Protein chains: 2
Amino acid sequence: MLLRWCLFAPSPTTEAAMSFHKLDDLGRKLEALEHALAILGADEATHMAVGGGEKRAKAMAALAGMYHTRATAPEIPDWIAAAEGEELDDEQRAALAELRRQYTNLTCLPVEFVERQTTARMRCEQLWRALRAKNDWAGFQPALEGVVALVRDEAALRSDVLGLAPYDALMEQYDPGNRTADITPVFADLKAFLKGFMPEALAIQEARLRKHPLKPLSGTYAIDRQRELGLAMMAAVGFDLTHGSLSVSHHPFCGGVPSDVRITTRYKTSDFLSALMGVLHETGHALYEQNLPKAWAHWPLGKARGMAVHESQSLFVEKQIGRNPAFWRWALPVVEKHLGEAWSLDDILPHVHRVERGLIRVDADEVTYPLHVILRYELEQELVSGSLEVADLPEAWDARMRDYLGLSTIDNPADGPMQDVHWPGAAFGYFPSYTLGAMMAAQQWAALTRERPSADEDLAKGNFEAINGWRREKIWSQGSRWSTPDLLERATGEKLNAKHFVNHLRQRYGG
Amino acid sequence: MLLRWCLFAPSPTTEAAMSFHKLDDLGRKLEALEHALAILGADEATHMAVGGGEKRAKAMAALAGMYHTRATAPEIPDWIAAAEGEELDDEQRAALAELRRQYTNLTCLPVEFVERQTTARMRCEQLWRALRAKNDWAGFQPALEGVVALVRDEAALRSDVLGLAPYDALMEQYDPGNRTADITPVFADLKAFLKGFMPEALAIQEARLRKHPLKPLSGTYAIDRQRELGLAMMAAVGFDLTHGSLSVSHHPFCGGVPSDVRITTRYKTSDFLSALMGVLHETGHALYEQNLPKAWAHWPLGKARGMAVHESQSLFVEKQIGRNPAFWRWALPVVEKHLGEAWSLDDILPHVHRVERGLIRVDADEVTYPLHVILRYELEQELVSGSLEVADLPEAWDARMRDYLGLSTIDNPADGPMQDVHWPGAAFGYFPSYTLGAMMAAQQWAALTRERPSADEDLAKGNFEAINGWRREKIWSQGSRWSTPDLLERATGEKLNAKHFVNHLRQRYGG
Ligand SMILES: [Zn+2]
Ligand SMILES: [Zn+2]
């Protein structure tokens, strides 16, 4: 130990990292506001009195305004620049880089533009809610045209600041590093495969059901028993029930904060699988949040990487684990214990692996879902570039829908281009995340099973910790340290590769 | 309508009331932070995951810090002064006066002092939790001495700023306008009455129970049925279930925000009355919050007046309504409907009107409770003035306890001066609110029945709206417009008068 009493000097870290400490302090204040917004948001969907919504909306808008004002304060770039000259460790440097990225993304649109866009978006979302129910495309079209015009401007503004192509600049908000140059060829491979594979999978399913008719769900599943089953599954799969909970809401979600993750589901007494698969999906999101690096919680670095990575974690649990036959060997006795109904593997798997051609993305299965996404990915790029106009969207949608899924939406825009809230909500560049997530989950499962060939046996025994250990090391503990493609490559040893997802579908749904 | 297009001038209200509008804006931001703190607080006690506490505490501390920084900004007195010169209506003037009062109360202690006091208080509260269980006064005494020393300083500081006597300056935080000069003689009357009346009431009770033995509670009250009963009673009494809810927590409370009031209870399957009377008590608090003037919600003027008035509202529902025999004529069929157990009035009232001499304030009944409070009121004035030292507290407590209630605590400090969290928590001047609330509730009931002699019949029919109409007009709609004594006098036509509470006790518990 060095005696320092004779030196009258401040400690080197305090002195050297003063600007970093200012940013660190700011991060803690922002974390508190985020905490409030996250819990208020989850509370609104689960426990709020119905009449509390107006004041809640005002309170959340004011808190979000305080967050934005603090997170975009004009002195922050100076602090970042000064901190970059300070003596920092690797993690602090990484934190600084993410801070700069967040600041750039938060400030790249003029305030005046954001206000105009918010007005247009909210108006269009309201119209969407009212007119979708009436299948009224003509009434909706002008509002969507307004949103698309502003999205084109937004893409140009983001493109200028970030030095990216316009659509890439939009995707960058949701998954840093995702580029059409990488994604388009992978999606093209996948699409080519699925257009042939889907009819094949449907034919195989039909033949199987002819030999072994579907055992119907009994239709008497008490909600409190379904809830206990869900909680038992969550806990088994790794959800820390001391840092999170399960509630009911109209739309299932994963919210809250990493120290208190709020997931929800909704129950039908006629069908236990829908709530259970929903619980597994949200548990996948929750595991990511609960296992993010705690020391970085108040930095952007400590957040989950992005939408595609997040979806890869939920789909890993829902599809790679939760629809794996090995998992059901372990799960069926658990189901029987809670619901008092015995199922054989042969009876449950046709429910779990059901494939169906349909118009609705959110109802789609593993095989058909990517075609819904690729259709949107292609159309929204054309909308952003201006090669497609909103007026031509119903025909363009219908043409691709017939081509990819053999279904027409020409008389049914409500289930065509009016189907999702994303476009009225000005969220262009978001859709690819869903299928990228599914592909990344398959690629992670493939990498994991290369290292641990016994993974299926682990599932059959209900031993999820070995699998979670791999995920914790490769994904969860990394926070936002790497771009989305880099995180995937570091975790799996290769770039995004459709092969793994294709193999997964072939194995599960092929002949 | 006056055409104004030819005048290029800002609208007079905007111009004239610029400073007021700044304060109005500030109020909306503070309301958002209060909303977050209130919901996060209620959530913590009801729905938070057990492991979420540490982050929750940090988030709430940071949000409270943001609130304090904004609410005590140095420019606020200038805005208030400027606004006082602006053209304002009566309500705006009243809002301004309350704003000034709040600012003075928030800023009258130096930040350095508050920090020292918070440290001492939190340390003493922790010790209290640990040492009360061990009945260890000697270990606790030094910590309480530290808190009392700082409370004496606090009283002196508040006294200087407010121009009030030291103990009055402490009470002023909880109920503006309450003064020992008014309260002490009223409490003296009440004490003199109770010392004679309590033994009389106990003797009457004993004689009655000899003639008509107590019918025990059956001990099989399912929690979900008790909950439905509680909700039915809440709704009947006037609780707006679209702007509030009932949950479970370890300690019952009323929290949340006026647009979404969160009340809680806890259930024992052996006893439906304890949860039900708790629900009625918290419903009383909730009615006040739900009926505060909505247009003033973002001003201090729009808040409930203070602790004694708030307690008068909860006790009005719990004691004046909920323990009134007329109420039980209406309530017994409701109980039977939900719990499937039939009670006669003669069987239920001995439970509802049970009187018992005991050591514990929170377990006390209407008759004995005031003696617990008056004992504390007397002792805490002596502690603040310095005429009593903490070291002498166990003897002083015991002496008064023997005098007022005929019980000794000399070997049992855990149930003596270590009984409540208020003193370790540095909340001196708070205790009188409980009994002032009980007296004010009786005085309000007396005033109401003078105007509406049929009030008992209203209760027997379950017609609470006539009674609530009086309370809404006289109390709830007034927010913080008047001091506590002025509010009472305007509502009831007279100053605080022990007579009404005494008459109430005589009628209910006398011979
Ligand atoms: Zn998801
Ligand atoms: Zn109370």
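The values are calculated or read from the model by the stated rules, or taken from the named source; none is laboratory data. What you are looking at is a predicted structure, and each value in this text was computed from that prediction instead of being measured. Because the Cβ atoms are built from the backbone with ideal geometry, glycine has one as well, and the counts that use them run over all protein chains shown. Protein only, heavy atoms only, side chains kept; ligands, DNA and RNA dropped before computing areas. Shrake-Rupley method; radii C 1.70, N 1.55, O 1.52, S 1.80 Å.
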Quiz prompt | Residues (within 14 Å of chain A (Cβ to nearest Cβ) and either within 16 Å of ligand 1 (Cβ to nearest atom) or assigned to a helix (DSSP H, G or I) (or both)) located in segment B:290-300 | solution = B:Gln290, B:Lys294, B:Ala295, B:Trp296
Quiz item: Yes or no: B:Ala364 open to solvent by 10 Å² or more (accessible area, probe 1.4 Å), within 16 Å of ligand 2 (Cβ to nearest atom) and under 29 Å from B:Leu144 (Cβ atoms)?
Solution: yes
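The rows are residues; the columns are (1) at pLDDT 95 or above; (2) aromatic (Phe, Trp, Tyr); (3) part of a helix (DSSP H, G or I).
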site	(1), (2), (3)
A:Lys58	no, no, yes
A:Ala64	no, no, yes
A:Ala73	yes, no, no
A:Ile80	yes, no, yes
A:Leu88	no, no, no
A:Arg100	yes, no, yes
A:Ala120	no, no, yes
Quiz item: Which ones in segment B:45-91 are in contact with a strand residue (DSSP E or B) (Cβ under 9 Å, 6 or more places away or on another chain) and either farther than 18 Å from A:His35 by Cα or more than 11 Å from chain A (Cβ to nearest Cβ) (or both)?
Solution: B:Ala45
Practice problem: Could you look through segment A:265-289, keep only residues that are of a type outside the set (Ser, Thr, Tyr), closer than 13 Å to A:Glu228 by Cα and out of contact with any Phe, Trp or Tyr (no Cβ under 8 Å at 6 or more places or on another chain), and pick out the one that is nearest to ligand 1 (Cβ to nearest atom)? | Solution: A:Val279
Quiz item: So, of the residues in segment B:261-278 that are in a loop (DSSP other than H, G, I, E, B) and not aromatic (Phe, Trp, Tyr), which turns out to be farthest from B:Ser245 (Cα to Cα)?
Solution: B:Ser270
Quiz item: Which one is farthest from A:Phe428 (Cα to Cα) among residues in segment A:113-140 that are open to solvent by 40 Å² or more (accessible area, probe 1.4 Å) and polar (S, T, N, Q)?
Solution: A:Asn135
Quiz item: Among the candidates B:Gly322, B:Gly230, B:Gly256, which residue alone is surrounded by 20 or more Cβ atoms within 10 Å (Cβ to Cβ), away from ligand 1 (no atom under 16 Å from the Cβ) and within 12 Å of chain A (Cβ to nearest Cβ)?
Solution: B:Gly256
Self-check item: Top-ranked residue of segment A:331-361 - restricted to ones that are small (Gly, Ala, Ser) and more than 22 Å from A:Asp456 (Cβ to Cβ), ranked as surrounded by the fewest Cβ atoms within 10 Å (Cβ to Cβ)
Solution: A:Ala342
Quiz prompt | Hits in segment B:401-415 - residues which are without any contact (Cβ under 8 Å) to a residue 60 or more places away in the chain, touching an Asp or Glu at 6+ places or on another chain (Cβ under 9 Å) and surrounded by 19 or more Cβ atoms within 10 Å (Cβ to Cβ) | solution = B:Thr409
Practice problem: Would you confirm whether any residue within segment A:438-456 is touching a Gly at 6+ places or on another chain (Cβ under 8 Å) and buried (at least 22 other Cβ atoms within 10 Å of the Cβ)? | Solution: no
Exercise. Return only the number of the condition from (1) in the same structural domain as B:Pro110 (by TED's automatic domain parsing); (2) of a type outside the set (Val, Ile, Thr); (3) part of a helix (DSSP H, G or I) that B:Leu164 does not satisfy.
Key: (3)
Self-check item: Residue match in segment B:301-314 (condition: away from ligand 2 (no atom under 15 Å from the Cβ), within 14 Å of another protein chain (Cβ to nearest Cβ) and surrounded by fewer than 23 Cβ atoms within 10 Å (Cβ to Cβ))
Solution: yes
Quiz item: If we scan segment B:209-224, do we find a residue that is within 14 Å of chain A (Cβ to nearest Cβ) and buried (at least 23 other Cβ atoms within 10 Å of the Cβ)?
Solution: no
